[in-house]
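Input: a single structure, listed below in structure tokens.
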Number of protein chains: 2
Amino acid sequence: MTTRWLTSEEQRAWRAYIAATHLLEDAIDRQLQQDAGMPHLYYSILANLSEVPDRQLRMTDLAEKTKITRSRLTYAVSRLEKDGLVRRENCKWDGRGSIAALTDEGMAVLERTAPGHVETVRASLFDHLSEEQVRQLEEICAQIAGALDEGGSRPTPDEVPWRRRSAPPCS
Amino acid sequence: MTTRWLTSEEQRAWRAYIAATHLLEDAIDRQLQQDAGMPHLYYSILANLSEVPDRQLRMTDLAEKTKITRSRLTYAVSRLEKDGLVRRENCKWDGRGSIAALTDEGMAVLERTAPGHVETVRASLFDHLSEEQVRQLEEICAQIAGALDEGGSRPTPDEVPWRRRSAPPCS
DNA sequence: CAGGCTTGGTTCAAGTTTGAAACAAACCTA
DNA sequence: TAGGTTTGTTTCAAACTTGAACCAAGCCTG
């Protein structure tokens, strides 16, 4: 089949998307590196842990939540562990498993740096969008994520007792 | 001032955004790494060069267009040069300047791999959005990029004769 | 036109990411 | 229950990114 090239409308959207994501990523990373001494991804890991019961998660679940590869997560958690913000434990129910748990210090860092982070997200993103656009953005991103996430997002196994999931709060 | 936390609407949008951008980036990178042997950024560099008069650009202009840092660009161009896809030249008008020029081989690689890339962008992104949403996405991203790009996007100096700019085509 | 500031690029070390391979525990299935 | 497959995680080397120096070449201003 001959290539379905992008329409000029799509091209503009794609280019704007690339530019916006690069710039936004840079802004967020720069601020967090400054104020929390870690890149955004690492902050996200802490944030995700903080919102879950017992503030701990199995590596694979954490990778799934943050949409990153396992090896990337392993590296990140190792660094965070070295910094004392996360502790690794063995999974009691599954000898293969490994659990990342937020330490008190990790929680403290999170609490201390969250305001600055949120402020940056606001200043970089939401301050420039109308409420309507925020809704549109969510819808658009949810659709994209949903489509690309097949296989990763198999239905939550609530019937499996030892694998709790939880509800979402912050960044 | 007390922190303006995100509303739950904003939180959902932010999380969806993070997920979507991670997943999309991964999908695009994976495909290009497979089929073109280079990550998306490197492909973008070639693409940007291909669309500009004479298929060459000063490093700083190229960095500006792709929204990346100069040092990142230096590294990338070095690799592309090693691969024979880009050639470096000295800027005739400015002794400090350095120019990256797309080689014929670079152009060939681009032409060979563009269809697969476009197809992936389509399959990963546009196929999941309505025309209306594409417009919304562009508007949203343009606003974000515009806001974050101050200082980088000083008015195009058309009055400077030796620094041509040009119109945009593909990815 | 000398000294100093600015601009365009590169370099370097430290940190991060990638993807494939290695391991080990758990889960079959005959 | 032995052997083979799947699943959870780490490891390793190669590639990439970061940010702070650094080096030149232009651009003042006195």
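Any chance you could give the angle, 0 to 90 degrees and rounded to 10, that helix B:104-124 forms with the longest Cα principal axis of chain B? Value to nearest ten degrees: 10. Overall shape: oblate for region A:56-145, with the ratio a/c of the largest to smallest alpha carbon gyration tensor axis at 1.5 or above and b/c at least equal to a/b. Start at zero, step by 10 Å, and the Cα-Cα distances of region B:77-122 spread as 27, 36, 26, 10, 1 percent across the bins. Using a 1.4 Å probe over protein heavy atoms, the accessible area lost on pairing A with B, summed over both chains, comes to approximately 6100 Å².
Comparing A:HIS117, A:HIS40, A:HIS22 in a Gaussian network model of chain A where C-alpha atoms under 10 Å apart are linked, the largest mean-square fluctuation is found at A:HIS22.
In nanometers and ordered shortest first, the copy-to-copy spacing of the A:GLY116 label point, defined 7 Å from Cα toward Cβ, is 4.3.
Residues of region B:97-144 that bury at least 50 Å² of accessible area when the other protein chains are present, relative to the chain alone (probe 1.4 Å, heavy atoms, ligands and nucleic acids excluded): B:VAL118, B:ARG122, B:PHE126, B:HIS128, B:GLN133, B:GLN136, B:LEU137, B:GLU138, B:ILE140, B:CYS141, B:GLN143, B:ILE144.
Among B:GLN31, B:GLN143, B:GLN56, the largest mean-square fluctuation in a Gaussian network model of chain B, built with springs joining Cα atoms closer than 10 Å, belongs to B:GLN143. Give me the log10 of I(q) over I(0) for region B:3-74 at q = 0.22 Å⁻¹, as the Debye formula computes it from C-alpha points; what are the numbers? Taken in order of the listed q values, log10 I(q)/I(0) reads -0.96.
Remark: region B:78-92, residue by residue, has Karplus-estimated 3J(HN,Hα) of 4, 5, 4, 5, 4, 7, x, 8, 9, 10, 9, 10, 7, 6, 5 Hz, where x stands for each Gly or Pro and the curve is 6.51 cos²θ - 1.76 cosθ + 1.60 at θ = phi - 60°. Projected label points at A:MET1 and B:LEU41, each 7 Å from Cα along the beta carbon direction, are separated by 3.3 nanometres.
Projecting the Cα atoms of B:VAL77, A:GLN143, B:CYS141 onto the dipole axis of the protein assembly as shown, where Lys and Arg carry +1 and Asp and Glu carry -1 at the beta carbon, places B:VAL77 farthest toward the positive end.
The other copies place their A:MET1 label points at 5.0 nm from this one, listed shortest first, where each point is 7 Å from Cα along Cα→Cβ. Within region A:28-71, which residues have the backbone N less than 13 Å from the label spot 7 Å out from B:ASP26 along Cα→beta-carbon, could you tell me? Counting backbone N atoms under 13 Å from the label point, the list is A:60-71.
If you scale each eigenvalue of the Cα gyration tensor by 5 and take the root, what three semi-axes come out for chain B, rounded to whole angstrom and sorted largest first? Working from the Cα gyration tensor, I get semi-axes of 31, 22, 15 Å. Can you work out ³J(HN,Hα) from phi for every residue in region A:40-55, in order, using Karplus 6.51 cos²θ - 1.76 cosθ + 1.60 and θ = phi - 60°, giving whole Hz and x for Gly and Pro? My calculation for region A:40-55 gives 3, 3, 5, 4, 4, 4, 4, 4, 4, 5, 5, 9, 10, x, 6, 6 Hz in order.
What number does the protein assembly as shown give for Rg over Rh if you use C-alpha atoms and the Kirkwood radius?
Rg divided by Rh gives 0.99.
Comment: the Cα-to-Cβ extended label point of A:ASP104, at 7 Å, lies 7.1 nm from its counterparts in the other copies, nearest first. The longest stretch of chain A left intact once loop-based chymotrypsin sites (Phe, Trp or Tyr not before Pro) with at most 13 other Cβ atoms within 10 Å are removed from consideration, loops following DSSP, is A:1-92.
The values are calculated or read from the model by the stated rules, or taken from the named source; none is laboratory data. As the structure is a computational prediction, the values presented were derived from the model and not from experiment. Neighbour counts are summed over all protein chains in view; Cβ atoms, including those assigned to glycine, are modelled from backbone coordinates with ideal geometry. SASA here: full protein model, heavy atoms, side chains in, ligands and nucleic acids out. Shrake-Rupley method; radii C 1.70, N 1.55, O 1.52, S 1.80 Å.
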